[in-house]
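Below is one structure, written out as structure tokens; the observations come after it.
No lab work stands behind these numbers, since they all come straight from the coordinates. All values reported here derive from a predicted model rather than from experimental measurement. Glycine gets a Cβ as well: all are built from the backbone with ideal geometry, and neighbour counts include every protein chain shown.
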């Protein structure tokens, strides 16, 4: 198993391919923030900017990349609560699935609403696709690049997003996970929204083999497992007061 430093180097991919995915952890809930970008132009999107805008901007400066887009996998505050603060420093479009905007009422300057299947170019050689993955929220989205999927709170390393929060639906999550399992190559690299597993990234093949939420043969078994000890329509907890 690679060390954290070795895995981080694998994740960056900054100098050896047309596109890169840079992952770093931030916040009290082990969130992963991502820079997804174009190696040639060093233009990137920041995915799910939360918790501390100065750290995000400092990381971009450290890597010598320019943030040209803000991408939101969903509307929970631990994934978007520094969007507005970032916009005070960088005047860039903010992208969210229209279904999620309608569900949450999220609004901000420069908001661009998307439909499932939309694509977004970043720099000269990078393009990502909006993959609708409801279950955690109605408008949750994953971002697909060649060989990679940024999964937000849909799929974790040996886990999946909770379905008991307002807007969550375990039956829909089951269908989403089955669809991803059937549609993507087993070698697809998965980049989750939180550092909840033994490794920072994983492959779909590893998750098909090891993730307990991908082992259930029936919808009923999945729902019973995912909702064990949970109460449907639970409100999100209050945001903790946190600084690095």
Angle in degrees between helix 53-63 and the longest Cα principal axis of the chain, rounded to the nearest 10: 60 degrees
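Can you show me the helix-derived [θ] at 222 nm for the chain, built from DSSP H runs with n ≥ 4 at -39,500 (n - 2.57) apiece and divided by the number of residues, rounded to the nearest 500. Numbers along the way, then the final one.
Values: 8 runs with 65 residues, N = 244.
The per-residue figure over the chain is -7000 deg cm²/dmol.
Say R0 is 25 Å: what FRET efficiency, to the nearest 0.05, do residue 41 and residue 203 get from their beta-carbon distance?
Values: r = 28 Å, r/R0 = 1.12.
In this case the efficiency is close to 0.35.
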Nearest 10 degrees, 0 to 90: helix 170-183 Cα axis against the chain principal axis: 60 degrees
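Sort 30, 243, 203 so that the residue with the fewest other Cβ atoms within 10 Å of its own Cβ comes first and the one with the most comes last. Walk me through the numbers before you get to the answer.
On the way: 30 13, 243 9, 203 16.
By the 10 Å Cβ count, ascending: 243, 30, 203.
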Would you indicate which of (1) 18.6; (2) 12.5; (3) 13.7 is the value of mean projected area of the Cα convex hull in nm² derived from the coordinates of this structure? (2)
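Which of 36, 231 comes first, and how do the rest follow, when ranked by fewest Cβ neighbours within 10 Å? Write down the numbers at each step before the final one.
Working: 36 24, 231 8.
Taking fewest neighbouring Cβ atoms as first place, the list is 231, 36.
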For region 78-126 and region 200-244, compute the distance between their C-alpha centroids and round to whole Å. 25 Å
So how much slack lies between residue 84 and residue 243, counting 0.36 nm per residue of separation and subtracting their Cα-Cα distance, in nm? 55.6 nm
The extension gain from residue 61 to residue 166, computed as 0.36 nm times the residue separation minus the Cα-Cα distance, is 34.1 nm
Projected label distance in nm at residue 195 and residue 220, using a 7 Å step from Cα toward the beta-carbon: 4.1 nm
How do 85, 187 line up, fewest other C-beta atoms within 10 Å first? 187, 85
